[in-house]
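> Pasting in a structure now, in structure tokens, and then I'll have a few things to ask.
The values are calculated or read from the model by the stated rules, or taken from the named source; none is laboratory data. Every value quoted in this text rests on a predicted model; they were computed, and no experiment measured them. Ideal geometry is used to build each Cβ from the backbone, glycine not excepted, and the neighbour counts take in all protein chains shown.
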Amino acid sequence: MYRASTIAAVRNSAIARRAYATPPPPPPPAAEHTEKSGGGSGKWIAAAALGAAGAYYYYSNNTAQVDEALHKAKKEEEQAVAKAKETANHAVAAGQERFASARATIDKEAKDARDKVMKEAEAAKSAAKGQLANARDSTEELYHNARAEADKKTAQAKAGWSSWLSWGSTKTDEAKQKAEAEKDKIAKDLRKA
């Protein structure tokens, strides 16, 4: 930034007070008007009044043409109103037709969706019934297997108790099994030889 003293020195120097080479031109002298202004407006007012009088004369003397023009304008207006009503009725009919078509499409899509949901529900219901039947069969099979196993264990327990009470019968069974094993062993040895 410049110091304040530097800026003040530049302002007071000869460069800042330099005069222009050419002085500005003097202002133009005031013009004197000798003509009177506004003198032509009376002519225009007279022309407008004359035109209005002519129009009044024309329309007052030609009432038949004016009545005919009014009648024609009224007839055209009635035709335009009738055509607008016809167009509006046609648009309403087209709108109702589109609405009925859209309603039919929506009803069909709703019915299709309902049928699809019902089919899926029926498929899920039959799948659940199949799973229930499989589970029931599996449970019954497990029950029968458990029952058979329980009967088998009961028979073993009874056999064990019986053998405990009749201690010698199991020993004879063991002796029979040993004898048969020896018999089979000897028969094998004889076959080899």
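> Hey, among 114, 98, 136, 147, which residue is under 30 Å from residue 173 (Cβ atoms) and basic (Lys, Arg)? If you could, list the steps in order and put the result at the bottom.
Working: 114 fails: under 30 Å from residue 173 (Cβ atoms); 98 fails: under 30 Å from residue 173 (Cβ atoms); 136 fails: under 30 Å from residue 173 (Cβ atoms).
Step by step, each of 114, 98, 136, 147 is checked, and only 147 is under 30 Å from residue 173 (Cβ atoms) and basic (Lys, Arg).
> Would you confirm whether or not region 12-19 contains a residue that is at pLDDT below 95, assigned to a helix (DSSP H, G or I) and under 60 Å from the mean Cα position of the chain (by Cα)? Talk me through it step by step, then tell me what you get.
Step one: of region 12-19, the residues at pLDDT below 95 are 12-19.
Add one more test, that the residue is assigned to a helix (DSSP H, G or I), and what stays is 12.
Add one more test, that the residue is under 60 Å from the mean Cα position of the chain (by Cα), and what stays is none.
Checked region 12-19: no residue is at pLDDT below 95, assigned to a helix (DSSP H, G or I) and under 60 Å from the mean Cα position of the chain (by Cα).
> A further question on this structure: How do the pairs read when you match residues in region 53-67 that are at pLDDT below 75 with residues anywhere that are of a type in the set (Ser, Thr, Tyr), using Cβ under 7 Å and keeping only pairs 6 or more apart or on different chains?
Pairs that qualify, where the first residue is at pLDDT below 75 and the partner is of a type in the set (Ser, Thr, Tyr), are 66/59.
> For residue 191, work out the one condition from (1) among the basic types (Lys, Arg); (2) surrounded by 10 or more Cβ atoms within 10 Å (Cβ to Cβ); (3) at pLDDT below 85 it doesn't fulfil.
(2)
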